[in-house]
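Beneath this line is the structure, given in structure tokens, with notes to follow.
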Amino acid sequence: MTSPEAKGPEAPPSRTPESPHQPEKPVGASRPQPVAGPDTEVEVRRPRMIVRNRRTAAFTYRADAWAAAKAARRTADALRGWGYPALDEDDLRAAVHQLVTAAVANGGKRVSVHLGDQDQKVLVAVLSHTSGPSDETVLSDMMALGTIDSVGADIGEDGHRLWVVLDAAPRCGRARHTAA
């Protein structure tokens, strides 16, 4: 006998009865869920980054001097496999390299790179997994790259997140920004 009911009255019920006064909430509800913390009665947990209905990939690296080059190469390989022939690979590699370098400088033990795509745009988000101070000047530096659509930063309980959106659509006469 392996079912919880076979263990006797001390076993918890296999299904918790629902209160007739509270409607059942859908799975994956968008509201933050309360979580009991050690110092407070109830604290609200912030949802982690979620990307749905898109192609995604995630890579994790040890936060060391080699992480930026590895991440830039692996990200370019992944996006090449997704079929973006007009994506400027030099801009992509430069953006990933700069984001990962900034994340490594935050002092965490690991760095993760998350990719997503939609409508000929590519999202690259880099998470430092540490809550220490972050240098976000890298974001303004990246705006000089020709295919960057937007950049941003976010701080959550899982660490600092820097992100960039690159335009992967073919354009006629796309000009490259170069320093004079």
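FYI, it's all coordinate maths here, none of it is from the lab. Remember, predicted model here, so these are calculated numbers, not experimental data. No Cβ is skipped: glycine too gets one built from the backbone with ideal geometry, and neighbour counts run over all protein chains shown.
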Q. For S150 and R73 in one chain, what is 0.36 nm times their gap in residues minus the Cα-Cα distance, to one decimal in nm?
A. 25.6 nm
(Q) Which of the three applies to the stretch 56-167, rounded, prolate or oblate, going by the alpha-carbon gyration tensor with a ≥ b ≥ c and a/c under 1.5 meaning rounded? (A) prolate
Q | Cα-centred dipole magnitude for the stretch 56-167, charges only on beta-carbon of K, R (+1) and D, E (-1), debye, nearest 20 | A | 540
Q) If each residue's Cβ is checked for other Cβ atoms within 10 Å, how do S140, S134 rank with the fewest at the top? A) S140, S134
Q.
For G156, what residues show an amide H to amide H distance below 5 Å, using hydrogens built from the backbone and excluding near sequence neighbours?
A. R161
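Under the rule a/c < 1.5 gives rounded, and otherwise a/b versus b/c splits prolate from oblate, where does the stretch 60-123 land using the Cα gyration tensor?
Note, shape of the stretch 60-123 comes out prolate.
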